[in-house]
Every structure is written in C-alpha cells, then in structure tokens.
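Remarks on the structure that follows.
The values are calculated or read from the model by the stated rules, or taken from the named source; none is laboratory data. What you see is a predicted model; the values in this text were computed from it and never measured. When we count neighbours, we look across all protein chains shown, and the Cβ atoms used for this are built from the backbone with ideal geometry, even at glycine. Areas reflect the complete protein model, heavy atoms only, side chains present, ligands, DNA and RNA absent. Shrake-Rupley method; radii C 1.70, N 1.55, O 1.52, S 1.80 Å.
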Amino acid sequence: MTKIDILLGLQWGDEGKGKIVDALTPDYDIITRFQGGPNAGHTLEFNDKKFILHTIPSGIFHPGKINIIGNGVVLDPEVFKKEINMLSSENSELTSKLIISSKAHLILPTHRILDAAYEKAKGKLKIGSTLKGISPAYTDKASRNGVRVADILKDNFREIYNSNTERHLAMLAGYDLEFNLSEFEEGWFEGIELLKQFKIANTEYLLNDSLNEGKKILAEGAQGTLLDIDFGSYPYVTSSNTISAGACSGMGVSPKAIGEIFGIFKSYCTRVGSGPFPTEQDNDLGQKLRDQGVEYGSTTGRPRRCGWLDIPALKYSCMINGVTRLFMTKADVLSGFEKIQICTSYNIDGKNTDVFSFDDDKNIEPVYTEVDGWQENISACKHYNELPQALKSYIRTIEEATGLPIDIVSVGPDREETLFRT
Ligand code: GDP
Ligand code: IMO
Ligand code: MG
C-alpha cells in the first residue's frame, strides 16, 4: 500500500502551490484537491502559456493523470464551466481524467450574494473575502442545509435548489444589498449541465482502492495555514481547514495513509485581504517586493500586501502540519535587495518570544536579523550549486531555524524554473 503526499501552503496563500504541483505531477498517478473552492487561484506557466486554476487540481495538464475534486471542496458550477472551457483547447480527455466527489458541496448563486451582504455589513471589520460564496457555502454544510454534487442527479434537484434559494432570499431581506439573482443563475445552471458530463463518484473509495493498488497520490492544498479556520488569524481566515489534518477529512483517507507533508512558502510573505501581518512592509520596500514578485491576486487582481519572511510563523505552520520537507518559491524576487530582513522572534509588550500569536490586543513587533542580499538574476540557474552564496546562506538559516530541509527552490514562475535538490 502506498501513501498520500500532501502539498500545502505555510503562509497566507499564493505560495506557488499550483506551479509546484504541476512540476511534481509526473511523479504521481492522481492529484486531488481536498478543501477550499474558487477563492483559490493556482497559477501554472509552461511553454510560454499561463493558466489560472480555481477548482480543478493542478495536475490536469499532464496526460494520463487522474485529477479529483475531493469531498472537502466547495464547487461553483459556473466557475467550473469557465475553467473547463479554458482547458478544452489544451485538453481533449477532460471527462476521462477529472472525477468529482459526490459529497463535495455546491456554491449556489445566493451564496455569492450572501458573501457580499455579510462583507458589506461588516463595514470596516470586513474580512476581505474573495466574494466567491465560500463562507456561506461552508456554513450551509455545517448547518446541514448544504446541496451536494450528488443532488444534481436527483429528479427533485430543482426543488432542492428552489427551497435553498428561498431560504437564502429570506436571509438577504435583512441586509442592505441590491442584486439581480437571474444574472447569476443562467451560467450556474449551464455549469450544472456540464457537471453531469463528468464522473461523479464516492472518491473516498477510489482513493483508498488506488492506495491499495500501489498508486501514487498527491493532495493539493488551497489557501495557506495562516488562513486556516482554527489556527489562522481568526476571524480573518477562510472557512475550511487548510492544514494537513483537513486533507484526511477532505478526501476520506486515514491519517495513517499520509506520507510526506510538503510545506511550501515564499522567500518573503504576502497577504491579500484584511487581518494581522506582523512583518508587513507598507512602504517602498513592500512596493519593491510587490513589483518584483508581481504580487496581485490570481483570483481577484487585488494588490497583495508584502513583507519579510516570518520565521516564528513558519515554525508554527510546520508544527501544526507536521511538515516533513520544505519548498521555497520566489527566491528570484529577492534578487536586487542590498540587505534582507528575516523576522526571527517578536517583541510582544516588551517580552521577546518566538511564540506565534494572533491576539490583536497585543502589540507585536517583529525582531529582525539583517542578512546580505544578492544582486544576480537567478532565473536562468539550472542547479542549486549555481545559486549565489548569500541565497544559499539565507536557505541554510531557514533550514536551521525550522530543522527541515528545503528540497525545492523555485526561481521563476515557469515549470522549468524549479531547482530540485534531491
Ligand atoms: P498558489 O495560489 O499558491 O498556487 O499561488 P498563485 O498562483 O496564486 O501565486 C503565485 C504567483 O507567483 C503566480 O503568479 C506564479 O506564477 C508565481 N510564481 C510561482 N513560483 C514563482 C517563482 O519561483 N518566482 C516567481 N517570480 N514567480 C513565481
Ligand atoms: P490560494 O489557494 C490567498 C483570503 C481572502 C480573505 C480570506 C477569506 O490561491 O492560495 P474567502 O473568500 O475564503 O472567504 O476569503 O482568505 N484567501 C486567499 N488568499 N490565496 C488564496 O487561495 C485565498 N483564498 C482565500 O483574501 O482574506
Ligand atoms: Mg493563489
């Protein structure tokens, strides 16, 4: 029996998960998403082409690989339809290699409207949600009102849809928001028809049977650990468990079935949306990171907040997930900084600590260690040994602090710009 490897984000999302999953896919038979939904935007670049995936796993471009949308995902049929249309020109065998869990929940048009209503009502305290309907859809799942993918095959699906929509409209009557539901519905129902052309299955059986047959499976996380509903900067989080524990419940596999846990992080930090960000550089340095890293949201286009690498936060994420190997992306973005700051601890109310805390009543000041930068453009490097000494020393500092090896260093957005150390 083989084990499932998990790849997940250790920061606030957008660590480059899509790029690395795509680069690793040749080593696996099956790629599966286990949580999140169209709030995710996973970017892949190869052969001078760029694709952004929201719902479909990032293994989809490789021939002969099975891609699964697991039960923990919330799926918007309209977004799904747009993704399939985008992929159709590249992929002829989509219906045979993409399988959807019958237990995944649907995002209804009214979930998106409710998301907007909740955010508007929060005013200054808004989460900065992607407004894709994530929180209302997971709320309905937890309150046992959700609509699942299997429901679309039932004769009374329209009734199920109508009763949920009516319930949502009654809720929306309490909010000050104008909307036109029919604008949302047309594309959504077209998406439902398209979904029916795909294999809808109890993917927990498929995954466990595949392990018994010796198949290799990679689980692809969405968002990042610091956006986890339990361990992130609550309430400025998403509505699912983004951590390794969420992978088991989001796929229907035992913790005993998990092999490697790959934790991916950027060589600096970014965050999109509201909430605490201790090492944020809301200044020229942050703007330089944003410019060099092209830090604009893949799903919403919003500028990402940028700051230095936060080691206590990284160690926290490694602990919560049980990370076994680290992958570092966007090393190239740090080229051209004379000095680089690494946050090694915090000063909280006059006390030095490396305990990561999101209590917003506390005054958290990062304590930085300054290291030398490097000036070389490293995107053309093909081997780890070619990297500048200062970058290798930066990598060693992180390895020593976390006690974990950095096995992949990514030096550009393209599939080929990936340095494997082992
Ligand atoms: P994900 O959500 O974790 O899949 O990450 P996103 O796709 O939202 O954001 C990562 C962005 O950085 C995308 O535009 C990627 O093309 C890009 N990217 C990934 N790895 C690297 C890298 O090593 N260097 C550079 N410069 N860009 C990268
Ligand atoms: P990937 O998979 C970065 C953020 C939003 C907001 C908060 C809640 O591409 O890394 P939600 O729509 O889930 O209610 O938003 O979470 N967020 C992300 N930030 N990358 C993502 O996904 C994100 N998905 C949600 O900006 O702050
Ligand atoms: Mg993203």
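What are the residues in the stretch 209-222 that are of a type outside the set (Gly, Ala, Ser) and either buried (at least 18 other Cβ atoms within 10 Å of the Cβ) or not in a helix (DSSP H, G or I) (or both), if any?
At the first step, the residues of the stretch 209-222 found to be of a type outside the set (Gly, Ala, Ser) are 209, 211-213, 215-218, 220.
Within the stretch 209-222, Leu211, Glu213, Lys215, Lys216, Ile217, Leu218, Glu220 meet the criteria.
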For this session: Go through the stretch 246-348 and tell me which strands (runs of 3 or more DSSP E), entirely inside it, have 1 or more residues that are among the small types (Gly, Ala, Ser).
Result: 258-266, 305-307, 339-348
Seminar exercise, completed: Result of the Cβ filter at 7 Å on the stretch 319-331, keeping first residues that are open to solvent by less than 10 Å² (accessible area, probe 1.4 Å) and partners that are among the small types (Gly, Ala, Ser) and more than 10 Å from ligand 1 (Cβ to nearest atom), at least 6 apart or interchain, is Asn321/Ser244; Asn321/Gly263; Leu326/Gly263
For this session: Identify the residue in the stretch 38-89 that is in a loop (DSSP other than H, G, I, E, B), under 23 Å from Pro109 (Cα atoms) and aliphatic (A, V, I, L, M) and, among all such residues, is farthest from ligand 2 (Cβ to nearest atom).
Result: Ile56
Exercise. What do you reckon, is Lys50 within 16 Å of ligand 3 (Cβ to nearest atom) and open to solvent by 20 Å² or more (accessible area, probe 1.4 Å)?
Worked result: yes
For this session: Can you tell me which residue among Pro255, Pro276 is more than 16 Å from ligand 1 (Cβ to nearest atom), open to solvent by 20 Å² or more (accessible area, probe 1.4 Å) and touching a Cys at 6+ places or on another chain (Cβ under 7 Å)?
Result: Pro255
Seminar exercise, completed: Only one of (1) on the phi < 0 side of the Ramachandran plot; (2) modelled with pLDDT of 95 or more does not apply to Phe356, and that is (2)
Exercise. Of the residues in the stretch 12-32, how many are of a type outside the set (Ser, Thr, Tyr), open to solvent by less than 10 Å² (accessible area, probe 1.4 Å) and either outside any strand (DSSP E or B) or within 13 Å of ligand 3 (Cβ to nearest atom) (or both)?
Worked result: 8
Exercise. If we scan the stretch 280-295, do we find a residue that is open to solvent by 10 Å² or more (accessible area, probe 1.4 Å), touching an Asp or Glu at 6+ places or on another chain (Cβ under 6 Å) and away from ligand 2 (no atom under 13 Å from the Cβ)?
Worked result: no
Problem set entry | Which listed residue, of Glu365, Glu376, is acidic (Asp, Glu), part of a strand (DSSP E or B) and touching a residue at least 12 places away in the same chain (Cβ under 8 Å) | Glu365
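Yes or no: the stretch 321-329 includes at least one residue that is more than 21 Å from Gly221 (Cα to Cα) and over 18 Å from the mean Cα position of the chain (by Cα).
From the stretch 321-329, those more than 21 Å from Gly221 (Cα to Cα) are none; that's our starting set.
No, that holds for no residue.
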Problem set entry | Residues being open to solvent by less than 40 Å² (accessible area, probe 1.4 Å) and either part of a loop (DSSP other than H, G, I, E, B) or aromatic (Phe, Trp, Tyr) (or both) - total across the stretch 194-208 | 1
Problem set entry | Subset of the stretch 380-394 [open to solvent by 30 Å² or more (accessible area, probe 1.4 Å), assigned to a loop (DSSP other than H, G, I, E, B) and closer than 10 Å to Leu419 by Cα] | Lys382, His383
